[in-house]
Amino acid sequence: MLTFALPAESYTLITGETGRTIHRTYGLTIGAAEWRALQRAVVTEEGKYVVTCDERAAASLLEWFEKAFEGAKNAHGVFGEPSTVLSGCRRASAAIRTALAGVRPPGSAIC
């Protein structure tokens, strides 16, 4: 199991209206396991959402944020303020990548 903390803007990006708009526009979805992990997230005093899930779910969330980043950077504000959306994607990707790097031996890949 992995644990990582998503900034509030990242959590809201994937779970809120912007995430639904990204889904409708680009067909980006997450599975049931990923959704359950997000719904079980615990909010810290600093406002971060601590998510616990397996590697597969974490890799799927990482893929969503990275594809959303690519879409949003060319969307010209369709999903809201571009800098906020892009920042939310970058910060989430960094948190998830760090968690994934901590559980895999160096040189291994996600398949």
Practice item. Using a cut-off of 14 Å between beta-carbons, work out the net charge of the residues near Ala5 (Lys and Arg +1, Asp and Glu -1, Ala5 not included). Key: +1
Study note, to complete from the structure: If unit charges are put on Cβ atoms (+1 for Lys and Arg, -1 for Asp and Glu) and the dipole of the chain is taken about its Cα centre, the option from Val43, Ser93, Pro82 lying farthest towards the positive end turns out to be Ser93
Check your understanding: Which value, in Å² and to the nearest 10, is the accessible area of Ile30 when all protein chains are kept and the probe is 1.4 Å?
Key -> 40 Å²
**Study point:** Folded to 0 to 90 degrees: helix 17-26 orientation relative to the chain principal axis, Cα
**Key:** 80 degrees
Review point. Once phi is turned into θ = phi - 60°, what whole-Hz ³J(HN,Hα) does the Karplus curve with 6.51, -1.76 and 1.60 give for every residue of region 89-96, x standing for Gly and Pro?
Key: 5, 4, 5, 5, 4, 4, 5, 5
Point to revise | Three principal axis lengths of the chain [C-alpha, angstrom, descending] | key: 39, 33, 24
Check your understanding: How much of Glu9 can a 1.4 Å solvent probe reach, expressed as accessible area in Å² and rounded to 10?
Key -> 60 Å²
Exercise for review: Could you give the size of the charge dipole of the chain about its Cα centre, using +1 on the Cβ of each K and R and -1 on the Cβ of each D and E, expressed in debye and rounded to the nearest 20?
Suggested key: 160 debye
Check your understanding: Along region 61-73, what does the Karplus equation 6.51 cos²θ - 1.76 cosθ + 1.60 (θ = phi - 60°) give for ³J(HN,Hα), rounded to whole Hz, x for Gly and Pro?
Key -> 5, 4, 4, 4, 5, 5, 5, 5, 4, 4, x, 5, 5
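The values are calculated or read from the model by the stated rules, or taken from the named source; none is laboratory data. Model, not experiment: these values are computed from the prediction. For neighbour counting, all protein chains shown are included, and Cβ atoms are generated from backbone atoms with ideal geometry for every residue, glycine included. When the accessible area is computed, the model is the full protein with side chains, heavy atoms only, and any ligands, DNA or RNA have been set aside. Shrake-Rupley method; radii C 1.70, N 1.55, O 1.52, S 1.80 Å.
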